[in-house]
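One structure below.
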Amino acid sequence: MPNRPIENIVIVGGGTAGWMTAAALSHMLSGQKYAIHLVESEEIGTVGVGEATVPHIRFFNQKLGFDEADFMAKTKATFKLGIEFCNWARAGDSYIHPFGAFGESIGGVAFHQHWARMQRASGGHPIEDYSLPVMAARACRFAYPAEDPDSLLSTYSYAFQFDAGLYAKYLRAYAEERGVKRHEGKIIDVALESESGFVQSVQMDNGTSLSADLFVDCSGFRGLLIEGALQSGYENWQHWLPCDRAVAVPCATAGPLTPYTRATAQDAGWIWRIPLQHRVGNGHVYCSNYISDDVAAATLVDQLESAPLAKLNQLRFVTGKRRKQWSKNVVAIGLSAGFLEPLESTSIHLIQLAIGRLLEFFPDQSWDPALASEYNRLMDLEYERVRDFLILHYHATERDDTPFWNYVRTMPIPDSLTHKINMFRERGVVVNYRDGMFLDASWIAVYLGQRVIPQNNDPLGEAIPEADLQAKFDRLRSDCHIAAQGLATHADFIRQIGAHA
Ligand code: FAD
């Protein structure tokens, strides 16, 4: 006899995580006997940040059947070709981590290997001159990638920058249309089954009690169920990612609409700039051991391109992850599962990944522990990979001008990252994993941008004469330049496709 299916699902929290989960489950489980409830509290509110994404979000939106222009108009979204990092390895440096490759392999050897060889031999142009998305980003231009693999326009991908509050609203309308029932109010108590320790019900301040088979904890940093009720434990990564606070504020856009996010390093952290159609989101992420809240806020306000449009939003966090993101009948998704700081805009992707994995390992009433255990193993792996990628930005620096940079430059790092950096520095080898969030091109962009330069190159590339390589390089650089200049401006492109708000 088949095991009894799950019938009732309660999602606790209505931030980006809660509504993404509600939208996805209502779509993917449609036609089956599931009742989905979502509880959120206007009084508590949401974290109110989280506007920059990575390209995977497009597949989430496509799966749900969103019309891209409509979604962009309703969330006041812009296109994102990558992230510009300013002042990270040295004050005055700037590089873009693009969503796309630098050149293509020549004679079966990766482009960056040839580039490093040419640099050693005769210097030359920065690697970003061989990337169309970087050239387009710097020129504030955009076009959809082409499908023809021979076209230079097929060498990149893109993501969005959007108003997170409007995205949650968009998802809410979608989920409610598909039967998700929303409950407004505060959860004040959580009841556990005495024998199993499973969550049985949540009690709201208006007297309503909601019971369910499966609970998805999207309650944000507080982790109401996963930690508050089930005490799953938290793996603290602050010794590697020491920023623990942020202050955020929007302002009006001054200047052209840039198709990229900017992260500018500061004395004890960094400042983000995320351009949306109607405003710019700004925030200062910092480490409270090295700078006070007042100075951090003043530093942010001083660097705004126009007057603030709202009150400053102060946030505190502890980088790390829940020891078990799925415990008993509770799956934590979003900030309740962990937070690795916003440097590479990874959180919304981790929400998407968690939803996908939950659907992949969807339980029934037998609660086979192997499902939770595999889910936790895979989520742990991804958090660790993202963690290493983020640490790289801080650790691979030459900056010694403040105590914060001295700390991150000299701190012990995970062995897994030491190995990756050594392999790249020694021979340009990218140690990466299949199905990881960041592809080789991302690692290459950040290694080189952070001045981790290969000391030797792949000997298989030596057979190609330098003059031939130089000719190919010159052609590619010129093609990228011409192609970028031929694109519409980012603002015009948004108007042309009817995605403007
Ligand atoms: P929240 O937004 O905090 O939502 C929690 C929900 O739970 C709310 O609806 C709240 O009302 C509800 N709730 C809590 N307790 C109760 C209760 N007792 N009763 C009823 N309801 C309750 N991610 C990115 O991908 N890109 C970025 O650029 C980015 N920038 C960030 C910058 C900062 C400084 C921070 C801190 C995060 C950033 N993130 C970013 C992460 C991103 O904001 C979150 O991953 C995303 O918003 C999801 O949050 P959440 O839904 O898990 O939590």
Could you give me the radius of gyration and the Dmax of the range 1-125, taking only the C-alpha atoms into account and expressing both in angstrom? 22.7, 72
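Would you mind ranking E7, E51 by Cβ crowding within 10 Å, fewest neighbours first?
Numbers: E7 13, E51 32.
Exposure proxy ranking, most exposed first: E7, E51.
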So, R0 is 45 Å and r is the distance between the beta-carbons of A121 and A173; what FRET efficiency does that work out to, to 0.05? 0.20
Please find the FRET efficiency linking E195 to A35, where r is the Cβ-Cβ separation and R0 is fixed at 22 Å, and quote it to the nearest 0.05. 0.35
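When only Cα pairs under 8 Å and 6 or more residues apart are kept, what is the percent relative contact order across the range 165-274?
Values: 77 pairs, mean separation 12.6, N = 110.
With pairs under 8 Å counted, the relative contact order is 11 percent.
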Tell me which GluC sites (Glu not before Pro) from the range 396-487 have a DSSP coil assignment and no more than 16 other beta carbons within 10 Å of their own. E398
Burial ordering of M423, M135, fewest other beta-carbon atoms within 10 Å first: M423, M135
Can you give me the orientation-averaged projected area of the convex hull built on the Cα atoms of the range 245-316, in nm²? 4.5
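Using R₀ = 51 Å, calculate the FRET efficiency as 1/(1 + (r/R₀)^6) where r is the Cβ-Cβ separation of E68 and D400; round to 0.05. Intermediate results must be reported in sequence, preceding the final value.
Values: r = 45 Å, r/R0 = 0.89.
After rounding to 0.05, the efficiency reads 0.65.
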Output the relative contact order of the range 91-235, whole-number percent, from Cα pairs under 8 angstrom with separation of 6+ residues. 13
Ranking of T155, T16, T402 by count of other Cβ atoms within 10 Å, fewest first: T402, T155, T16
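Loop only per DSSP, at most 13 neighbouring Cβ atoms within 10 Å: give me the GluC sites (Glu not before Pro) in the range 166-266, ordered by residue number. Walk me through the numbers on the way to the answer.
Numbers: sites: E176, E177, E184, E193, E195, E227, E235; in loops: E193, E195.
The qualifying sites are E193, E195.
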Rounded to 10°, Cα long-axis angle of helix 16-28 versus longest principal axis of the chain: 80
Which residues' amide hydrogens lie under 5 Å from the amide hydrogen of R141, considering only partners 5 or more residues apart or on another chain, with H built in the peptide plane? H490
Residue by residue through the range 311-323, the couplings from Karplus 6.51 cos²θ - 1.76 cosθ + 1.60 with θ = phi - 60°, in Hz, x for Gly and Pro, are 6, 5, 9, 9, 9, 10, 7, 10, 5, x, 8, 5, 4
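Could you grab the relative contact order for the range 245-316? Cα pairs under 8 Å, six or more apart, rounded to a whole percent. Write down the numbers at each step before the final one.
Values: 134 pairs, mean separation 32.2, N = 72.
This gives 45 percent for the range 245-316.
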If the cut-off is a Cα-Cα distance under 27 Å, which lysines reach K311, setting aside same-chain residues fewer than 8 apart in sequence? K74, K76, K80, K169, K186
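Where a number appears in this text, it was derived from the coordinates with a stated rule and is not lab data. Nothing here was measured: the structure is a model prediction, and the numbers come from that model. No Cβ is skipped: glycine too gets one built from the backbone with ideal geometry, and neighbour counts run over all protein chains shown.
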